[in-house]
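For reference, the structure is listed below as structure tokens.
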Amino acid sequence: MNIAIVGTGYVGLVTGACFAEVGHNVICVDCDEAKVKLLQGGGIPIFEPGLEEMVKKNVAEGRLIFTASTAEGVEKSDVVFIAVPTPPLGDGSVDLSFIERVARDIADATTTYKVVVDKSTVPVKTGEKVAETIKRYCKVDCDFDVVSNPEFLREGFAVEDLMNPDRIVVGTRSDKPVAAMREIYEPFNAPIIFTDINSAELIKHAANSFLAMKISYINAVAAICEATGANVEEVATGIGMDERIGRRFLNASLGFGGSCFPKDLSAFIRISDDLGYDFGLLKKVQEINAAQMDRFLKKITDTLWILKDKTIGVLGLAFKQNTDDVRMSPAIEVCQRLLKGGATLRVHDPKAMEKARELLPTEGVTYVDDMDSVAEGCDAIVVATEWPQFKELDLAKAREAMTSPILFDGRNLFDPAEMDQLGFTYKSIGR
Ligand code: UDX
């Protein structure tokens with residue numbers, strides 16, 4: 001199948017690479033010429049495990065090319081995927097102007113039947129607008145179909161998730177694009193759910209909101225555990241063994257972040273409001289998430305009392321493990337709030353230090369390359385991201401290097417009993 005993917009962000013680039021990997025011919029389009037040049041020269045603009053190798057291999061084998069021209073992408077393809085950003089606007093809604101722009105560019109270049117697939121996360125009913133736009137701006141009277149095909153990949157596991165999906169969701173108004181969608185996804189050996197466009201769009205927002213709800217639920221339970229001496233991890237294991245609930249996404253933390261959950265929750269609440277339904281449950285999910293961060297910071301200030309002139313080591317800047325993405329990262333919020341209180345930071349992240357520099361002030365932050373050196377002269381350490389390698393931290397050495405051995409674990413990476421034995425004042429989440 002000849003496929004164009006417009007937008008080479010996390011979703012577009014990984015989708016393009018994986019489609020090429022299973023044998024399709026893929027042309028990835030991006031309006032950012034510098035990014036296209038970088039990709040054409042063998043560079044990768046994001047860190048995602050396994051992606052670089054996969055892109056290089058498929059470029060070398062001639063199945064994956066890059067261009068800045070949407071027209072070229074459309075001309076060379078039967079199916080055109082839209083994978084451009086839908087960034088949040090201040091009022092909870094999302095900016096759909098990139099989607100509209102691409103729909104117009106596709107309309108401009110279309111002369112024969114095309115299947116236009118929306119992969120960007122969009123509010124329900126966007127597919128209808130995309131179809132209207134293409135129809136309005138298409139210069140010739142040619143046939144096309146719009147399909148909604150939401151993506152469920154997690155950053156840091158994007159290649160793995162895309163190559164081994166739980167399910168593929170395809171929303172379409174007619175049967176005509178069904179064969180093409182089947183052909184594209186057949187090599188992935190996953191169940192395909194064919195539905196209408198509005199349902200497909202809703203599946204994405206409903207899935208992400210549900211997962212965010214699971215995290216806020218366990219974080220609320222963590223607060224009860226702290227008040228009672230119960231252990232949230234044992235509670236999560238106990239409830240997660242019920243197959244109807246499941247253990248995944250029940251890891252108590254300092255709160256969820258990233259470019260998806262906060263944005264998708266706000267968008268779903270806003271869409272529901274616009275449709276006349278007050279989705280109070282999801283508003284509470286947001287509130288619990290914000291309160292979780294406040295509770296975590298309160299633990300720090302209750303223990304350290306005054307932040308001014310304290311040196312605090314921060315392990316983790318990315319919004320979660322396995323990524324260099326710092327958008328809406330709880331770790332960045334922790335840093336900003338500690339700095340605001342007058343603390344000086346020594347920070348480390350295996351991948352996200354470069355991107356964090358763009359968000360954190362230059363004053364008061366020292367970037368430390370080696371995680372074992374973060375502790376030097378610190379009054380406390382904060383674990384803010386669940387990178388598994390932080391578990392290998394030389395705790396005895398860290399204790400020696402610190403002014404006072406205090407560790408705030410926002411990801412429950414360490415064992416409370418062991419920390420106690422090592423002589424740390426140790427505060428984690430719900431334990
Ligand atoms: C999410 C969805 O998982 C994915 O299906 C969708 O396509 C995009 O949005 P992503 O944003 O990459 O993916 O990250 P995810 O792994 O879901 O984590 C989101 C946030 O929740 C992170 O900050 C993570 O640390 C936090 N989290 C996750 C928890 O605090 N506890 C958990 O149990 C799981």
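The table for this structure:
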read-out: Hits in the stretch 275-287 - residues which are surrounded by fewer than 14 Cβ atoms within 10 Å (Cβ to Cβ) and part of a loop (DSSP other than H, G, I, E, B); value: 275, 276, 277, 278
read-out: Any hit, the stretch 222-232, residues being open to solvent by 30 Å² or more (accessible area, probe 1.4 Å), in contact with a Cys (Cβ under 9 Å, 6 or more places away or on another chain) and more than 15 Å from the ligand (Cβ to nearest atom); value: yes
read-out: Test result for residue 268, within 16 Å of the ligand (Cβ to nearest atom), of a type in the set (Phe, Trp, Tyr), at pLDDT 95 or above and assigned to a helix (DSSP H, G or I); value: yes
read-out: Listing of helices (runs of 4 or more DSSP H) fully contained in the stretch 1-83 that carry 1 or more residues being in contact with a helix residue (DSSP H, G or I) (Cβ under 7 Å, 6 or more places away or on another chain), charged (D, E, K, R) and at pLDDT 95 or above; value: 10-21, 70-75
read-out: Flag for residue 202 being in contact (Cβ under 8 Å) with a residue 24 or more places away in the chain and part of a helix (DSSP H, G or I); value: yes
read-out: Residue list for the stretch 288-305, restricted to those being closer than 13 Å to residue 257 by Cα and either surrounded by fewer than 17 Cβ atoms within 10 Å (Cβ to Cβ) or touching a strand residue (DSSP E or B) at 6+ places or on another chain (Cβ under 8 Å) (or both); value: 290
read-out: Residue under evaluation residue 127, criteria (1) crowded, with 16+ Cβ neighbours inside 10 Å; (2) free of Cβ contacts under 8 Å to residues at least 40 places away in the same chain, criterion not met; value: (2)
read-out: Of the criteria (1) open to solvent by 50 Å² or more (accessible area, probe 1.4 Å); (2) part of a loop (DSSP other than H, G, I, E, B), which one residue 237 fails; value: (2)
read-out: Residue in the stretch 238-252 that is more than 14 Å from the ligand (Cβ to nearest atom) and of a type in the set (Val, Ile, Thr) present; value: no
read-out: Check on residue 119, among the charged types (D, E, K, R) and open to solvent by less than 20 Å² (accessible area, probe 1.4 Å); value: yes
read-out: Only one of 308, 351, 320 that is in the same structural domain as residue 409 (by TED's automatic domain parsing), open to solvent by 70 Å² or more (accessible area, probe 1.4 Å) and farther than 22 Å from residue 425 by Cα; value: 351
read-out: Criterion (outside any helix (DSSP H, G or I), within 28 Å of residue 46 (Cα to Cα) and of a type outside the set (Gly, Ala, Ser)) met by exactly one of 150, 187; value: 150
read-out: Total residues in the stretch 63-85, condition open to solvent by 50 Å² or more (accessible area, probe 1.4 Å) and either free of Cβ contacts under 8 Å to residues at least 12 places away in the same chain or under 11 Å from residue 110 (Cα atoms) (or both); value: 4
read-out: Any chance residue 328 is within 16 Å of the ligand (Cβ to nearest atom) and either surrounded by fewer than 23 Cβ atoms within 10 Å (Cβ to Cβ) or free of Cβ contacts under 8 Å to residues at least 24 places away in the same chain (or both); value: yes
read-out: Search result, residues across the stretch 138-174 that are more than 15 Å from the ligand (Cβ to nearest atom) and either modelled with pLDDT of 95 or more or small (Gly, Ala, Ser) (or both); value: 144, 145, 146, 147, 170, 171, 172, 174
read-out: Pick from the stretch 87-97, criterion surrounded by fewer than 19 Cβ atoms within 10 Å (Cβ to Cβ) and at pLDDT 95 or above, ranking: nearest to residue 208 (Cα to Cα); value: 95
read-out: Sole residue being assigned by TED's automatic domain parsing to the domain that holds residue 81, surrounded by fewer than 16 Cβ atoms within 10 Å (Cβ to Cβ) and either in a helix (DSSP H, G or I) or in contact with a helix residue (DSSP H, G or I) (Cβ under 6 Å, 6 or more places away or on another chain) (or both), chosen from 161, 141, 108; value: 108
read-out: Residues of the stretch 390-431 satisfying the condition of being open to solvent by less than 70 Å² (accessible area, probe 1.4 Å), within 16 Å of the ligand (Cβ to nearest atom) and without any contact (Cβ under 8 Å) to a residue 60 or more places away in the chain; value: 409, 413, 428
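Residue by residue, here is whether (1) under 23 Å from the mean Cα position of the chain (by Cα); (2) not in a helix (DSSP H, G or I) holds:
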site: 217; (1), (2): yes, no
site: 222; (1), (2): no, no
site: 247; (1), (2): yes, yes
site: 254; (1), (2): yes, yes
site: 257; (1), (2): yes, yes
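The values are calculated or read from the model by the stated rules, or taken from the named source; none is laboratory data. Every value quoted in this text rests on a predicted model; they were computed, and no experiment measured them. Cβ coordinates were reconstructed from backbone atoms using ideal geometry, including for glycine residues, and neighbour counts include every protein chain displayed. Protein only, heavy atoms only, side chains kept; ligands, DNA and RNA dropped before computing areas. Shrake-Rupley method; radii C 1.70, N 1.55, O 1.52, S 1.80 Å.
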